[in-house]
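Notes follow once the structure below has been shown.
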Amino acid sequence: MLIYIAIYIEKFSNKRVKIPKIYKRKPLKVTLYKNQKEIRLPHIEKVLTVDLAKDKIRAENIQKEIASNYIGGRGIGVKLLFDMLSPNIDPLSDENILIFATGPVTGTIVPLSGRHVVVSKSPLTGTIFDSSAGGFFGRELRRSGFDVVIIKGASEKPVYLEIDDGHVDIKDARDLWGKNVRETTSFLSKDGFKVSCIGKAGEKLILMSSIMSEYTHACGRGGLGAVMGSKKLKAFRVKGSRDINISDEEKMKKYVAESMRLLNASPVASKGLAYYGTPSLVNLINTMRIMPTDNFRKVHFENAYKVSGEYIAENYDIKKKTCYNCFIACKREDKKRGIELPEYETIAMFGPNSMNDDIEKIIQANLICNDYGVDTISAGSTVSCYLELEGGNDIETPLKEIVEGGPLSEGSLRYSKRKGKEGSSMSVKGLEIPGYDPRGVLGLALSYATSNRGACHLRAYMVAPEILGKPKLIDRLSFSGKSGLIQIFQNISAGIHSLVMCQFSSFALSEEEYSNLLSAAVGEKYTSEEFIRMGERIYNLERLFNIREDISYSHDTLPERFFAEDRISKEEFDSVLDEYYVYRGWNKGVPTKEKLDSLGLKKEAKFLVERDS
Amino acid sequence: MWKEIAKFGKKLVDGGYLSSHFGNISVRVGDSITVTRSGSMLDEITEASVVTVDLHKPSSLDLIASSETIVHREIYKRTSALAVIHAHCPFAVVESLLNDGSIEPYDSEGKFFFHEIPIVTGNIGTKELAENVATSLEQHKGCIVKAHGTFAVGKILEEAYVHTTMMEHSSKIKYYCDLTKNK
Ligand code: SF4
């Protein structure tokens, strides 16, 4: 049997990261599945590619330029995927690549730094896609000696990837195939391993499958679990003891202290989220009349209180849960039953948007999604879409159909198209819209439309200024000034996702703090502007990827429902979109030559020149 | 857009951050800058008191725009700022004369907002000043031009306004504290 697997290690330059002790003690040993052939890496700066389909193993040096320009996480993932993937491949074929990436602050003393990112071509949207999860997996991955792991090709039989303190092994997972996330994680996390895995949904290539880390932390969106399933990769477990290096520890301590001061002073981070978790948004969003209700046909849900953070706090015995090095601890568990409680987005979709005010049903839906490994936003929104088209208010039947791979599991867009009712899919570029009705938050409307991965509230986190007033409250009902603002927020978010830090840090931190933390971590000075520019480079490269996939500016729009009755004026929206392109230096959604040259993306844009000549 | 500029112009003058003529305000709109005109009074801005000039290069309309337009333009070219306020805030000017390099705020808000406030040099309306200010604002939210006044940036005008008033507040606190300590 040929196993086609590659592990690609990108390390920052000598100047930035000392060679970790483990590599001085013992060279990295990579054990290949079956034939037991070994390769030894002399030191961490080598990049290893193991390509069993071609029977080829390659070790090569890191490209410093990539580390400097894309820093880590989403940025490096996007760059590697762009370079390595041929256009127009089937995302579920063995040609697709799955990249697990951490960033320069992952697992360090930097607060909210436990996240990791997975990047691939999405089977749900066909776009480039990064999805991130909190927890402890990212930190453990770095401690195991790796910053980035690229998985190529597909195995014939189920396997899992193991990294045990620098030792890499591909192991038989036939006994785990057919099991859900809880069972798989509990089996593989013995001996202190941190586990990312797929459930039955990923195995069945369900287009909205997630990759679950440590039971409940989801790389939820975009169906990357199905990519993992298509490779027959059931799980990835890591364990490590290596110290994570910081280039300038003194400066880092200073910048961390500054960041902590700001986070502690932020009422949203240290009070709202810390008291009720993300469900604290339910009553607020409902009061503002932007609660997705009845598949976005209404904006206010009568019984919202019954699914709110306050209601959960009053009626459940709650235990706070957190990710690595985070004092906010926004996750919630039902102490009695030892089960995770749903986050705001999950509540919005399975609750008001599906006209359901039974919190227990939402809790059960959340458990099912997490166990099968399914994105709760896409699943919830698809259930809402189904209820609109079929009637009724039973969320269990459509959810069962989704997790078991029935026709609904293809997501709301494909389902509604089949029904001849495309207008009932509340999605952008095929990705279901999260829990904020864009008609009442116009910056978010533009951000949904122009997002490279489809409707997402985290690309430009406009929830912060437009809803929570952080850092400044701006008029959510006006498009004025939004086009310039959105592109900056999108660039900053791309930077945050490359560091990699939790998005909630942005309630308190700005590009100034992020660039300081980055500089101390890597030992090279990044100004605030260089940080934003790095984000801009990533955003433009993602855009180029999508253009190469024939995803054009006509996809930068919203479902027609939002333009009906002039709730959002189409004319105004189009004019703001044009203005956004001007700020971006794009022509009809395509970056101009000048913009690409200024961002150092000349080589990457070569296909554009050839296409246009 | 001129109404927004008028609103913050009036607030700056009313708050004592500058006297009527001593400052200028601009916002970026796509590939243009809308900036207060030379000689306009910031507490009496009307539609006729602002002018829209090209973001990338000087144009004939620069003739009537604020003499500091060269600095505003350089800031927009080099940073992601969408609003800029320049004000001759008295305590900030005093502190810039008493210190070199930068000042570190004593007050907690100032520490939160700025960590440090750089002091830059250069003659009014010169390319040198434009470059020094823009370089400094690539990393900071505001700076003080020695013996001259503050430049603050924001993603919206209100943010630039807050940065301006915070720089003046921190300068004032620092001035009084140092005065008391040195007694
Ligand atoms: S705020 Fe919540 S999601 Fe973010 S790091 Fe903390 S616990 Fe994790």
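The values are calculated or read from the model by the stated rules, or taken from the named source; none is laboratory data. All values derive from a computational prediction rather than experimental measurement. Heads up, the Cβs are rebuilt from the backbone with ideal geometry, glycines too, and the neighbour counts pull from every protein chain shown. Ligands, DNA and RNA are stripped out before the accessible areas are found, and what is left, the full protein with its side chains, is counted by its heavy atoms. Shrake-Rupley method; radii C 1.70, N 1.55, O 1.52, S 1.80 Å.
3J(HN,Hα) along the stretch A:430-436, derived from phi through the Karplus expression 6.51 cos²θ - 1.76 cosθ + 1.60 where θ = phi - 60°, amounts to x, 9, 5, 6, x, x, 9 Hz, with x in place of Gly and Pro.
Between the stretch A:290-310 and the stretch B:125-183, the C-alpha centres lie 45 angstrom from each other. At an R0 of 35 angstrom, the distance between the Cβ atoms of B:ASP54 and A:GLU422 translates into a FRET efficiency of 0.20.
Legend: mean number of C-beta atoms from other chains within 10 angstrom of residue C-beta atoms, peptide B:157-163, equals 2. Across peptide A:253-264, the average count of Cβ atoms from other chains found within 10 Å of a residue's Cβ is 1. The stretch A:144-199 and the stretch A:499-547 have their alpha-carbon centroids 30 Å apart. Using heavy atoms of the protein chains and a probe of 1.4 Å, the accessible area assigned to B:LYS174 is about 20 Å². Between A:LYS602 and A:ARG261, the distance separating the two model label sites (each 7 Å from Cα on the Cα→Cβ line) works out to 4.4 nm. Counting only protein heavy atoms and using a 1.4 Å probe, what share of the accessible area of chain A belongs to carbon plus sulfur, as a whole percent? Of the solvent-accessible surface of chain A, carbon and sulfur hold 48 percent. Take the accessible area of chain A alone and of chain B alone, subtract that of the pair, and you get about 2100 Å² summed over both chains, using a 1.4 Å probe. Rounded, prolate or oblate: which fits chain A, taking a ≥ b ≥ c as square roots of the Cα gyration tensor eigenvalues, rounded meaning a/c under 1.5, else prolate when a/b beats b/c? It is rounded, given that a/c, with a ≥ b ≥ c, falls under 1.5. With every protein chain in place and a 1.4 angstrom probe, the accessible-area ranking of B:THR34, B:THR180, largest first, reads B:THR180, B:THR34. Computed over the stretch A:160-210, the percent of Cα pairs more than 18 Å apart is 32.
For the protein assembly as shown, a crude dipole built from +1 on the beta carbon of Lys and Arg and -1 on the beta carbon of Asp and Glu, taken about the Cα centre, is about 2380 debye to the nearest 20.
Counts of other chain beta carbons within 10 angstrom of each beta carbon in peptide B:132-139 average 3. At a threshold of 30 Å², the residues of the stretch A:580-611 that become less accessible to a 1.4 Å probe in the full protein assembly than in their chain on its own are A:VAL582, A:TYR583. Remark: spin-label model distance A:GLU594-A:GLU302 equals 5.7 nm, labels positioned 7 Å along the Cα→Cβ axis.
Near the amide H of A:ARG332, within less than 5 Å, lie the amide hydrogens of A:LYS321, A:LEU341, all on another chain or at least 5 residues away, with H placed in the peptide plane. Working ranking of peptides A:178-188, A:326-336 by packing, defined as the average number of other Cβ atoms within 10 Å per residue, highest first, is A:178-188, A:326-336.
Surface composition of chain B: carbon and sulfur make up 55 percent of the accessible area, probe 1.4 Å.
Cross-link check: pairs A:LYS152/A:LYS194; A:LYS421/A:LYS482; A:LYS194/A:LYS234 evaluated at a Cα-Cα cut-off of 24 Å; pairs beyond the cut-off: A:LYS421/A:LYS482. If r is the Cβ-Cβ distance from A:PHE327 to B:ILE64 and R0 is 45 Å, what FRET efficiency results, to the nearest 0.05? Efficiency for this residue pair is about 0.25. Can you tell me how the stretch B:1-100 classifies by the Cα gyration tensor, rounded, prolate or oblate, using a/c under 1.5 as the rounded cut? Oblate is the answer for the stretch B:1-100, as a/c is 1.5 or above yet b/c matches or exceeds a/b.
Here chain B is assigned +1 on the Cβ of each Lys and Arg and -1 on the Cβ of each Asp and Glu. Its dipole about the Cα centre then comes out at about 60 debye. By the gyration tensor of its Cα atoms, with a ≥ b ≥ c the square roots of the eigenvalues, what is the shape of the stretch A:104-235: rounded for a/c under 1.5, prolate for a/b over b/c, or oblate? Here the stretch A:104-235 falls in the oblate category.
Once all protein chains are placed together, A:LYS298 keeps about 90 Å² accessible to a 1.4 angstrom probe. Determine the alpha carbon to alpha carbon distance for each of A:LYS321/A:LYS361; A:LYS320/A:LYS417; A:LYS525/B:LYS146; A:LYS306/A:LYS400; A:LYS319/A:LYS361 and list only those over 30 Å. Too far apart for the 30 Å limit: A:LYS320/A:LYS417.
Label zone of B:LYS181 (point 7 Å out along Cα→Cβ, amide N under 15 Å): in the stretch B:84-105 this covers B:95, B:98-100, B:102-105.
Taking all protein chains together, A:HIS167, B:HIS169, B:HIS72 sort by accessible area into B:HIS169, A:HIS167, B:HIS72, largest first [probe 1.4 Å]. When the protein assembly as shown is described by a simple charge dipole with +1 on each Lys and Arg Cβ and -1 on each Asp and Glu Cβ, the residue from A:ALA269, A:SER384, B:LEU157 located farthest towards its positive end is A:ALA269.
So which chymotrypsin sites (Phe, Trp or Tyr not before Pro) in the stretch B:12-97 pass both tests, a DSSP loop state and at most 10 other Cβ atoms within 10 Å of the Cβ? Here no chymotrypsin sites (Phe, Trp or Tyr not before Pro) fit, given the DSSP loop and packing criteria.
Using every pair of distinct Cα positions in chain B, the Kirkwood expression returns a hydrodynamic radius of 16.0 angstrom.
Counting only the backbone N, which residues of the stretch B:140-183 are under 15 Å from the spot 7 Å out from the Cα of B:THR121 toward its beta-carbon? Once the point is set 7 Å along Cα→Cβ of B:THR121, B:144-148 turn out to lie under 15 Å by backbone N, inside the stretch B:140-183.
Accessible surface computed residue by residue for the stretch A:277-435, with neighbouring protein chains in place and a 1.4 Å probe, gives 36 Å² per residue.
Bridgeable lysines around A:LYS603 (alpha carbons under 19 Å apart, same-chain partners fewer than 8 residues away excluded): A:LYS64, A:LYS79, A:LYS593, A:LYS595. Highest-first packing order for the peptide set A:460-469, A:560-569, A:592-601 is A:460-469, A:592-601, A:560-569, based on the mean count of other beta carbon atoms within 10 Å. Compared with its chain on its own, the stretch B:17-46 contains the following residues whose accessible area drops by 40 Å² or more in the full protein assembly (probe 1.4 Å; ligands, DNA and RNA excluded): B:ARG28, B:GLY30. With the highest mean first, a sort of the peptides B:38-47, A:352-361, A:388-397, A:447-456 on other beta-carbon atoms found within 10 angstrom per residue produces A:447-456, A:352-361, B:38-47, A:388-397.
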